[in-house]
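Structure first, commentary second.
The values are calculated or read from the model by the stated rules, or taken from the named source; none is laboratory data. What you are looking at is a predicted structure, and each value in this text was computed from that prediction instead of being measured. Methodologically, a virtual Cβ is constructed for each residue, glycine included, from the backbone with ideal geometry; neighbour enumeration extends over all protein chains shown. Note: areas computed on protein heavy atoms with side chains; ligands, DNA, RNA excluded. Shrake-Rupley method; radii C 1.70, N 1.55, O 1.52, S 1.80 Å.
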Amino acid sequence: SIAGTQIVQLLMSDAKACGCQDPSGPLIFVDSSGRGSGAAGTYSSVGGVLTSVSLTSGGRGYLTAPLVQLGGSGCTSDTSIVIASIGAGGTGCSANGDLIFTDSEGGVKATGYYNVSQGTIVGIALTSR
């Protein structure tokens with residue numbers, strides 16, 4: 001039998017216009033199987049552009065990655081902006097770190113950082129694009 005797992009990571013697609021009027025708000029996790037529950041997170045935006053997401057609880061019982069929606073005023077319903085990954089809870093990360101996104105020629109296209117809590121990456125933020 002499959003016991004299910006928790007959300008262990010949130011990824012932002014290319015920083016997209018999200019339309020959010022609020023500078024921050026909740027993430028809404030929609031599980032099509034109806035088995036997963038308890039996941040929670042927040043987003044931040046500036047001028048209607050998503051700048052960061054943070055996972056505050058991985059929840060439990062997810063058999064597939066849920067869709068993630070932005071829960072603030074005016075936010076788009078596009079569920080491809082934030083992608084959730086499930087797993088048994090990653091290990092081995094001991095400290096916050098930097099992210100560097102490069103193109104195929106090695107040019108830096110964007111930078112950011114990630115946050116770690118109890119050995120699991122719980123949030124990422126884009127600092128330039």
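Under a Gaussian network description of the chain, with springs only between Cα atoms under 10 Å, the residue in Gly58, Gly71, Gly38 that fluctuates furthest is Gly38. Each Cα pair under 8 Å and six or more residues apart adds its separation to the average, and for the chain the resulting relative contact order is 29 percent. The apolar share of the surface of the chain, taken as the fraction of accessible area on carbon and sulfur atoms (1.4 Å probe, ligands and nucleic acids excluded), comes to 50 percent.
Taking a Cβ cut-off of under 10 Å around Ser37, the surrounding Lys, Arg, Asp and Glu residues balance to a net charge of +1, with basic ones at +1 and acidic ones at -1. Only Lys, Arg, Asp and Glu carry charge here, each on its Cβ (+1 for the first two, -1 for the last two); on that basis the chain has a dipole of about 260 debye about its Cα centre.
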